[in-house]
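Below is one structure, written out as structure tokens; comments come after it.
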Amino acid sequence: MASTPRPAQRRLGASGPVTSALGLGCMGMSDLYGPADETESIATVHAALDAGVTLLDTGDFYGMGHNELLIHEALRGRDRESVQISVKFGAQRGPDGQWLGYDARPAATKTALAYTLRRLGTDHVDVYRPARLDPDVPIEETVGAIADLVKAGYVRHIGLSEVGADTLRRAAAVHPISDLQIEYSLLTRSIEAAILPTARELGIGITAYGVLSRGLLSGHWKPDRSLAGTDFRGDSPRFQGDNLAHNLALVEALRAVADAKGVSVAQVAIAWVSSRGEDVVPLVGARRRDRLAEALGSLDVALTAADLTAIEAAVPAGAAAGDRYAAAQMARLDSEH
């Protein structure tokens, strides 16, 4: 069997690391999308690394440390310097998994990293970022604390997650920011008005998560699919009733574009995010090797101007029905976003 071509590379902003053009989001291997097979998860990480994927994204609260331990195991025997590990911190959770808020105080930031380094079995994190804006801590204090960790060699680059344009400016005034991790897909385009232009002005890259809108844009979602109780999509408005029917109709319109190109719906959706600019790196949340292989195939999809026009017609900006989160799940986002 021929080896999978190595993905192209992109840089995370003006100051960040060079990574693969696609990153692997590892959250679903431990949390929030129902049960996952750990053996298959590790095999998927190995397949990604073997295919040239170098960016692994995690959070210390994914499975309350389980995801970092899983990555530690997957990287055993691998060249640590060939991989970029991006870690989010700050989300507080109880033993039952409930969300309790955010803590990005300087002392908490440094403590969280100490635990992360131990779980990952490494002496540094490539990109470290607060998972959300802590309403009680100025972003300048949080970024300043991470800057201390950069100086000490424990962190290579500073990132942010799900914040608005004003916060980007304030953070960048303290220390260079490599990238903003934020949801961006055909169904979620709110960053285009102010956040994306500001990031580009400041030389901040975008690591886009949710590129398949949590499975809606995968082309594999069935309206009668049953979800495990631990799968948060069971409460997500976009996956409910008339909203789901509306959104799946958009997917079918997109399928016509994909069929015309001889590729899958997921590949078109990921390729669309990649086409937004060389400063955008999509994160794909594959938990299985077959889904990973499909996502990697998006790198071979060249979208023409006519394709982009057809995609926009199939899924216009703002066309999605339903919010990303239920009210009880709504993460605290910067008021600008």
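The values are calculated or read from the model by the stated rules, or taken from the named source; none is laboratory data. Since we're looking at a predicted model, the values are computed, not measured. No Cβ is skipped: glycine too gets one built from the backbone with ideal geometry, and neighbour counts run over all protein chains shown. Only protein heavy atoms, including side chains, enter the accessible area calculation; ligands, DNA and RNA are left aside. Shrake-Rupley method; radii C 1.70, N 1.55, O 1.52, S 1.80 Å.
Key figures for this structure:
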read-out	value
Of all accessible heavy-atom area on the chain, the percent that carbon and sulfur account for (1.4 Å)	52 percent
Surface per residue (accessible, 1.4 Å probe) for the chain, Å²	41 Å²
Sparse-neighbourhood loop sites, trypsin sites (Lys or Arg not before Pro) in the range 34-97 - DSSP loop, at most 15 other Cβ within 10 angstrom	Arg76, Arg78
Debye, to nearest 20: dipole size of the range 56-148, +1 on Lys, Arg Cβ, -1 on Asp, Glu Cβ	240 debye
Share, in percent, of DSSP beta bridges within the chain that are antiparallel, nearest 5	20 percent
Part-to-part distance (alpha-carbon centres) for the range 105-178 and the range 47-78, which is given in Å	19 Å
